[in-house]
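Notes for the one structure printed next.
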């Protein structure tokens, strides 16, 4: 009788242990793929929205954001930033930022200033979160004059 109880307990432990390992393995392998899928899906949606709003169809060249356009979105009520060559709208995230609204708001409309501050504060540990919480606008046009 005691042997049956011990065997049942071991089987239960094995099942829970195996399911835990499967979850951990799936979580680590899917994270970067999920972030890439989120960024690509957002980029596709934004490109489609830009095409339909501009009345042009076919090309996605309208997703290049020059520094002058980025600089026009420099307030807490309309906050765009550039990070790693991509432009994101951070407006809806400002109130939820754990470091406070002003930690990001002072860098709205900027590229290098935001990226330097972000890297100084977070390194690369929060880059995936940035992609999740911000709305992808388009690619940053770094070919134009860099006043940033």
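The values are calculated or read from the model by the stated rules, or taken from the named source; none is laboratory data. Quantities reported herein were computed from a predicted structural model and do not represent experimental measurements. Counting neighbours? That spans all protein chains shown, and the Cβs are built from the backbone with ideal geometry, glycine included.
Data for the structure
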read-out	value
Residues located in the stretch 122-138, provided they are under 13 Å from residue 99 (Cβ atoms) and out of contact with any helix residue (DSSP H, G or I) (no Cβ under 8 Å at 6 or more places or on another chain)	122, 129
Matching residues, the stretch 118-139, being over 12 Å from residue 86 (Cα atoms) and part of a loop (DSSP other than H, G, I, E, B)	123, 124, 125, 126
Tally of residues being farther than 16 Å from residue 69 by Cα and either in a loop (DSSP other than H, G, I, E, B) or touching a strand residue (DSSP E or B) at 6+ places or on another chain (Cβ under 8 Å) (or both) across the stretch 87-112	9
Checklist (1) surrounded by fewer than 17 Cβ atoms within 10 Å (Cβ to Cβ); (2) modelled with pLDDT of 90 or more; (3) more than 18 Å from the chain's Cα centre (by Cα) applied to residue 97, failing item	(3)
Failed criterion for residue 115 (all others in (1) surrounded by 14 or more Cβ atoms within 10 Å (Cβ to Cβ); (2) in contact with a helix residue (DSSP H, G or I) (Cβ under 7 Å, 6 or more places away or on another chain); (3) in a helix (DSSP H, G or I) hold)	(2)
Among residues of the stretch 64-73, those that are modelled with pLDDT under 95, surrounded by 14 or more Cβ atoms within 10 Å (Cβ to Cβ) and either in a helix (DSSP H, G or I) or in contact with a strand residue (DSSP E or B) (Cβ under 8 Å, 6 or more places away or on another chain) (or both), counted	6
Filter result (in contact (Cβ under 8 Å) with a residue 60 or more places away in the chain, within 20 Å of residue 63 (Cβ to Cβ) and surrounded by 15 or more Cβ atoms within 10 Å (Cβ to Cβ)) within the stretch 118-136	131, 135, 136
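Condition check ((1) modelled with pLDDT of 80 or more; (2) under 24 Å from residue 119 (Cβ atoms); (3) more than 21 Å from the chain's Cα centre (by Cα); (4) in a helix (DSSP H, G or I)) across all residues:
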| position | (1), (2), (3), (4) |
| --- | --- |
| 15 | yes, no, yes, yes |
| 34 | no, yes, no, yes |
| 39 | no, yes, no, yes |
| 47 | no, no, no, yes |
| 50 | no, no, no, yes |
